[in-house]
Amino acid sequence: MTYETLLYEQDGIVLRITMNRPDKLNALTDTLLQELNAAFEQADEDKTVRAVVLTGAGRGFCAGADLAEGVAKGIGTGGFSFQEHLTQNYNPLILRIRALQKPIIAAINGAAAGAGMSIAMACDIKIAAESASFLQAFVKIGLIPDSGSTWMLPRLIGMTRALDMMLSGRKVSAQEALNMGLVTQVVPNEQLMDCVNQLAVEYAAAPTQAIAFIKQAVNFAATSTLEEALNKEAELQNKAGKTADNAEGVNAFLQKRPPVFKGE
Ligand code: LHQ
């Protein structure tokens, strides 16, 4: 598969996906959305990929929907079907990222605005460069948060802070994002990719199936009762308990040596 608007680069068992429209801060065109959907599908199916990094080329992470392309397609005329566009392009992407059966780390190198922020928030681990920023920009153009922001943001930072960001559309710095629990870690700009690459190598060496089950259980628990969550944990623990990596983890512990997980 070849891509026009993103880079798909595998180094050993780590895959890096780079949104690659730097002049437009990696704003999402139809092509980029289709390619992101295809790239995540490819990454999910490829058993040799055991950790994924998502980042943006140039000085931005992702500025959300490409508004120039959007206007050319009828945004602002009242005749554009946001419902169809979101349902076909954005929603599957967010669901794919959440359901990806391996860890995904967002390396947030610059502005993450609108749906670009939603994409960053959907990733499991969020490492931001000091110069990164976060904007629920939707309201600035008379739209509502989409691509999962209404679901994700209150869960990550609480309703009060989420509504502050959503209703104002104000720019939140990396440091404020860290204080709010929106990101995992903030690092100096020049250290971002080294830090993320090192983390990705560590996550890629983890018991990949257990990681997939953890994500599945947490996704499920977000909309379930305690009793349902307990049942789901029991079901998935049963599956984890049948993996070779579980046997390896237990044996390594008893033999007082580091485990060697194979993702099996
Ligand atoms: C852009 C964009 C952009 C095109 C920067 N589009 N060119 C879903 C479904 C369907 C449709 C509608 O929406 C959605 C969900 C959404 O995502 S809605 C929200 C869309 N995004 C925004 O409203 C954010 C717009 N961008 C900005 O507010 C600023 O660019 C930020 C704050 C992100 C960065 O500001 P600066 O660092 O000052 O950069 P800049 O504004 O100068 O942008 C650099 C270039 O990128 C510039 O192009 P140019 O050719 O003039 O150098 C911008 O026009 C272009 N660009 N965002 N979303």
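The values are calculated or read from the model by the stated rules, or taken from the named source; none is laboratory data. None of the values given here were measured: they were computed from a predicted structure. Please note: Cβ atoms are built from the backbone with ideal geometry, for glycine as well, and neighbour counts cover all protein chains shown. Just so you know, the surface numbers come from the protein's heavy atoms only, side chains and all, with ligands and any DNA or RNA stripped out. Shrake-Rupley method; radii C 1.70, N 1.55, O 1.52, S 1.80 Å.
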**Request:** Using DSSP, restrict attention to beta bridges with both residues in segment 111-192 and report what percent are antiparallel, rounded to the nearest 5.
**Result:** 35 percent
**Message:** Between segment 130-208 and segment 1-72, what is the separation of their alpha carbon centroids in Å?
**Reply:** 18 Å
**Message:** Can you tell me how segment 196-264 classifies by the Cα gyration tensor, rounded, prolate or oblate, using a/c under 1.5 as the rounded cut?
**Reply:** oblate
**Request:** Indicate, rounded to the nearest 5 percent, the antiparallel portion of the DSSP beta bridges found entirely in the chain.
**Result:** 30 percent
**Request:** Using packing as a proxy for protection, rank 50-56, 112-118 so that the peptide with the highest average count of other Cβ atoms within 10 Å comes first.
**Result:** 112-118, 50-56
**Item:** Neighbourhood net charge (13 Å Cβ-Cβ; Lys/Arg +1, Asp/Glu -1) for Pro154
**Value:** +1
**Request:** Between beta-carbons, use under 15 Å as the cut-off and find the net charge around Thr18, counting Lys and Arg +1, Asp and Glu -1.
**Result:** -1
**Fill in**
Under the rule rounded for a/c under 1.5, else prolate if a/b exceeds b/c, else oblate, using alpha carbon gyration tensor axes a ≥ b ≥ c, segment 35-86 is classed as oblate
**Message:** Let me spell out the model: positive unit charges on the Cβ of Lys and Arg, negative unit charges on the Cβ of Asp and Glu, origin at the Cα centre of the chain. What dipole size does that give, in debye rounded to 20?
**Reply:** 420 debye
**Request:** Could you please report the charge total around Asp124, scoring K, R as +1 and D, E as -1 over all other residues with beta-carbon less than 12 angstrom from its beta-carbon?
**Result:** +4
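Could you tell me the convex hull volume per residue, in Å³, taken over the Cα atoms of the chain? Before the final figure, lay out each step's value.
Numbers: hull volume 36.7 nm³, N = 264.
Dividing the Cα hull volume of the chain by its residue count gives 139 Å³.
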**Fill in**
Among Lys126/Lys239; Lys232/Lys262; Lys47/Lys140; Lys126/Lys232; Lys215/Lys256, the pairs whose Cα-Cα distance exceeds 30 Å are Lys47/Lys140
**Message:** Can you return the aspartates and glutamates within cross-link range of Lys242? Criterion is Cα-Cα under 16 Å, with same-chain partners fewer than 8 residues away left out.
**Reply:** Glu233, Glu264
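Heavy-atom accessible area per residue, the chain, 1.4 Å probe: how many Å²?
Values: 13220 Å² over 264 residues.
I get 50 Å² per residue for this part.
Taking all protein chains in place and a 1.4 Å probe, what share, in percent, of the accessible surface of the chain do carbon and sulfur account for?
Details: 7320 of 13220 Å².
Carbon plus sulfur share of accessible area: 55 percent.
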**Asked** So what is the calculated 222 nm ellipticity per residue for the chain, using -39500 (n - 2.57) for each DSSP H run with n of 4 or more, over all residues, to the nearest 500 deg cm²/dmol?
**Response** -13500 deg cm²/dmol
**Prolate/oblate/rounded label for segment 124-214 (Cα gyration tensor, a/c 1.5)** = oblate
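When only C-alpha pairs under 8 Å and at least 6 residues apart count, what is the relative contact order of the chain, in percent? Don't skip to the end; give the middle numbers.
Values: 485 pairs, mean separation 43.6, N = 264.
Rounded, it is 17 percent for the chain.
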**For the chain, with +1 on Lys and Arg beta carbons and -1 on Asp and Glu, the positive-most of Ala217, Met1, Asn89 along the dipole** = Ala217
**Request:** Quote to one decimal, in nm, the extra length available between Glu235 and Ser168 on full extension: 0.36 nm per residue of separation minus the C-alpha distance between them.
**Result:** 19.9 nm
